[in-house]
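The values are calculated or read from the model by the stated rules, or taken from the named source; none is laboratory data. Everything numeric here is computed off the predicted structure, so don't read it as measured data. Counting neighbours? That spans all protein chains shown, and the Cβs are built from the backbone with ideal geometry, glycine included.
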Amino acid sequence: MSITHYDSYTEARAHLKDLLDAAERGHVATVRRDAARTAVVDVERLRSSLASRSAPRAQVVAEADAWSVFIPGLPIAAEGATFEEAIAEMITALREYAEDWQERLLDAPNHRNNWGLVQLISLSDDNQLRDWLVGSGR
């Protein structure tokens, strides 16, 4: 197996093209900085993997003349007059949550395990998030 690894960011910077090429090909690509080791991965491979491993837990409920969407266990919910409006509002709410998580929630005990969800949200476009929410794609 081909692993591309650099023991310092200075070395990685000198071989940045090789590091990025390895990641894009799907090879293991890592850089060590002090005691930490960081992986460099292709965005679409990571996004697709996260989407396939996190089943959407969104629940959609028709109530009176509106639709509600929520994800149990998360403070994320949205409403709309139609199903599509509710999903669009949920995408906006997911993006706001990801932004809040990056800014202040990542160390909160009840939010810190949402790293994968935040990565999925941040690496997906609106169509990909919609497909993930309604269960029609990765």
Could you give every pair whose Cβ atoms fall below 8 Å, whose first residue belongs to segment 54-81 and is on the phi > 0 side of the Ramachandran plot, and whose second residue is assigned to a loop (DSSP other than H, G, I, E, B), counting only separations of at least 6 or pairs across chains?
Gly73/Arg57
If we ask which residues in segment 1-36 are of a type in the set (Lys, Arg) and surrounded by 15 or more Cβ atoms within 10 Å (Cβ to Cβ), their number turns out to be 1
Conditions (1) modelled with pLDDT under 95; (2) farther than 19 Å from Ile121 by Cβ -> Trp67 fails only (1)
Would you check if there is a residue in segment 1-22 being at pLDDT 90 or above and within 29 Å of Arg130 (Cβ to Cβ)?
no
Going by the conditions given, is Ala39 at pLDDT 90 or above, exposed (fewer than 15 other Cβ atoms within 10 Å of the Cβ) and within 18 Å of Leu123 (Cα to Cα)?
yes
